1. Being exposed (fewer than 12 other Cβ atoms within 10 Å of the Cβ), modelled with pLDDT of 85 or more, over 12 Å from the mean Cα position of the chain (by Cα) and among the acidic types (Asp, Glu): is that true of residue 22 here?
2. Scan the stretch 57-77 for residues that are in a strand (DSSP E or B) and under 17 Å from residue 27 (Cβ atoms) and jot them down.
3. Within the set of pairs 6+ apart or on separate chains, which have a first residue in the stretch 19-47 that is farther than 18 Å from residue 65 by Cα, a second that is surrounded by 13 or more Cβ atoms within 10 Å (Cβ to Cβ), and C-beta atoms under 6 Å apart?
4. Could you grab me the full set of residues in the stretch 45-69 that are loosely packed, with under 14 Cβ neighbours inside 10 Å, within 25 Å of residue 18 (Cβ to Cβ) and at pLDDT 90 or above?
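The values are calculated or read from the model by the stated rules, or taken from the named source; none is laboratory data. Predicted model only: the values in this text are computed from it and were never measured. Because the Cβ atoms are built from the backbone with ideal geometry, glycine has one as well, and the counts that use them run over all protein chains shown.
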Amino acid sequence: MERVLSPQRVLVSAVVHGAHDDAARERMRRLFHSPLGVYVSHASRDHAELSLEFDVACEDLAFTIRTLRQVLPEAAIEEVRPRVFGQRLIRR
């Protein structure tokens, strides 16, 4: 059995600062009903700050950032870091 790394994925962390009100709920609804919603792997709120994490394939990174800017223009990207699944084995 040959050890092959799976295609690399990245985690994109973003934050939205704002009030916890009807407008904030509408922004979240827009996010989860957009094509970007399927990439959200974590979302949490701490007072007026909404933290989001997107799990995307490297080839979808540009789409993710572009769509995030369209859906949540007030979002600030904090970090893009690799996510590698090194323990997966692919049998050939």
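1. For residue 22, the condition - exposed (fewer than 12 other Cβ atoms within 10 Å of the Cβ), modelled with pLDDT of 85 or more, over 12 Å from the mean Cα position of the chain (by Cα) and among the acidic types (Asp, Glu) - is not met.
2. Listed by number, the residues that qualify are 76, 77.
3. 24/18; 44/51
4. Listed by number, the residues that qualify are 66, 69.
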